[in-house]
Amino acid sequence: MSSTETRLRTIINDSFDLDHDPDFDRPFSDAGVSSVDAVAFYKAVNQEFSLNMVAEDCLQFNTLRELVTYIDARAG
């Protein structure tokens, strides 16, 4: 598991009351997360990874794996 995945997993566990580990390959649309929770999640991701994503940017990611790829491409 990459460092980015570990950090995202921590944000997810802090943000959502899930009874399972997040599936990084599952579509976001299947996660059952409210739009309010999704916005809070992306704000936490922005802060954790020093990104400047806006809500519209988040629509480009279908899975957490795509978000990991996006974050890793901007690292360092």
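Bear in mind that the values in this text are calculations on the coordinates, not laboratory data. Owing to the predicted nature of the structure, the values given are computational and were not obtained by experimental measurement. Note: ideal-geometry Cβ built from the backbone for every residue, glycine included; neighbour counts use all protein chains shown.
Numbers at a glance
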quantity	calculated
Condition check for residue 9: surrounded by 14 or more Cβ atoms within 10 Å (Cβ to Cβ), among the basic types (Lys, Arg) and in contact (Cβ under 8 Å) with a residue 24 or more places away in the chain	no
Meets criteria (assigned to a loop (DSSP other than H, G, I, E, B) and out of contact with any strand residue (DSSP E or B) (no Cβ under 7 Å at 6 or more places or on another chain)) for residue 14	no
Matching residues, region 39-72, being polar (S, T, N, Q) and touching a Lys or Arg at 6+ places or on another chain (Cβ under 8 Å)	63
Selected residue (criterion: surrounded by the most Cβ atoms within 10 Å (Cβ to Cβ)) from residues of region 19-76 that are touching a strand residue (DSSP E or B) at 6+ places or on another chain (Cβ under 9 Å) and in contact (Cβ under 8 Å) with a residue 40 or more places away in the chain	24
